[in-house]
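The values are calculated or read from the model by the stated rules, or taken from the named source; none is laboratory data. Keep in mind that what you see is a predicted model, and the values were worked out from it rather than measured. Every residue, glycine among them, receives a Cβ derived from its backbone with ideal geometry; neighbour counts consider all protein chains shown.
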Amino acid sequence: MAVEGLRAYGLIAVMWMRSTMTYRFSFAMTLLSNLTVNFFDFVVIMMMFGHVRGLGGFAFGEVAFLYGTTSTAFGLADLVMGQVSRVGRRVREGTFDTFLVRPVPVFAQVAADRFALRRLGRLMQGLLVLVWSLVVLESVEWTVLKAVMVPLMVVTGALIFGSVMTAGAAFQFWAQDGAEVANSFTYGGNTLLQYPPSIFAGELVRGVVYVVPLAFVNWVPALYVLGREAPAGLPSWASFASPLVAAVCVALAGLAWRVGVRSYRSTGS
């Protein structure tokens with residue numbers, strides 16, 4: 001089933017990419033615009049450090065590392081899974097039925113529907129900042145384990161963000177206008193994780209550690225790489241728990257999706 005779903009996703013995504021590349025100049029301008037707009041998020045941080053030497057005890061390179069890891073992870077999840085947020089609109093319009101009658105896994109169709117290659121700009125921007133931060137970081141004593149954790153952080157972070165997107169899409173089977181609720185956890189979570197946990201209230205930090213575990217996208221493993229203590233009183237071994245947290249999130253998101261699809265009632269039109 002999983003192999004069939006991946007194959008269907010790939011075929012649908014390629015179809016939309018071919019459609020997008022029909023107008024290559026338009027795509028290039030859209031991609032450049034997307035890259036530029038997202039870069040201004042980091043410009044704000046650069047301007048901030050033009051007036052201060054540190055932020056919550058973190059140097060510029062360390063904040064750039066936090067920004068780069070979460071932005072790259074979110075950009076990857078947004079590129080691959082961002083279209084699931086359209087489920088509520090499909091349910092309202094009654095067009096979700098078209099996915100149910102095709103001999104293809106529903107989730108693969110929803111995730112790849114209108115695949116937006118322009119979102120590659122967000123991923124590229126995050127990756128550029130991440131690579132740059134690795135160059136300017138001076139306080140990190142690199143080991144093989146720390147080096148491996150950087151790409152692992154991006155992959156597991158993308159899985160966690162993708163799981164939250166999927167759970168938010170499942171919620172829209174009951175609340176068709178609930179896309180903004182999901183966005184508050186995905187887009188809002190991405191913005192939150194771009195900054196050090198030390199500048200936020202303890203209750204908020206504990207919330208993204210123990211309730212909605214977005215802290216495992218980058219805070220928890222990134223603080224280990226930077227040689228700092230884990231947030232919210234987590235034990236030291238929790239720095240390596242991101243793959244386990246991602247697996248649990250994927251399983252729970254899959255369950256929520258199946259329950260949501262089974263609860264769906266056709267418009268009958």
Going by the structure shown, is ARG86 under 24 Å from SER198 (Cα atoms) and modelled with pLDDT under 90? no
Within the range 99-115, the residues that are within 13 Å of SER85 (Cα to Cα) and free of Cβ contacts under 8 Å to residues at least 60 places away in the same chain are VAL110
For the range 117-166, how many residues are without any contact (Cβ under 8 Å) to a residue 40 or more places away in the chain and among the small types (Gly, Ala, Ser)? 1
Here's a check for you: in the range 64-98, which residue that is free of Cβ contacts under 8 Å to residues at least 24 places away in the same chain and assigned to a helix (DSSP H, G or I) is surrounded by the most Cβ atoms within 10 Å (Cβ to Cβ)? ARG90
Give me the pairs, please: first residue somewhere in the range 241-258 and over 22 Å from VAL106 (Cα atoms) and outside any helix (DSSP H, G or I), second residue anywhere and at pLDDT 95 or above and not hydroxyl-bearing (Ser, Thr, Tyr), beta-carbon distance under 9 Å, and either six or more positions apart or on two chains. ALA241/PHE216; ALA241/VAL220; ALA241/PRO221
The listed residue being among the hydroxyl-bearing types (Ser, Thr, Tyr) and at pLDDT 90 or above, out of THR72, THR36: THR72
Please go through the range 120-150 and give me each residue that is surrounded by 15 or more Cβ atoms within 10 Å (Cβ to Cβ) and either of a type in the set (Ser, Thr, Tyr) or in contact with a strand residue (DSSP E or B) (Cβ under 7 Å, 6 or more places away or on another chain) (or both), ordered by number. SER133
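Going by the structure shown, is VAL212 within 25 Å of VAL144 (Cα to Cα) and in contact (Cβ under 8 Å) with a residue 40 or more places away in the chain?
Considered against the rule, which asks whether it is within 25 Å of VAL144 (Cα to Cα) and in contact (Cβ under 8 Å) with a residue 40 or more places away in the chain, VAL212 comes out as no.
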Could you check how many residues of the range 215-269 are surrounded by fewer than 18 Cβ atoms within 10 Å (Cβ to Cβ) and touching an Asp or Glu at 6+ places or on another chain (Cβ under 6 Å)? 1
Surrounded by fewer than 23 Cβ atoms within 10 Å (Cβ to Cβ) and more than 23 Å from GLY207 (Cα to Cα) - does that describe any residue in the range 160-173? yes
Residues of the range 225-262 being among the polar types (S, T, N, Q) and within 23 Å of the chain's Cα centre (by Cα), which ones? SER239, SER242
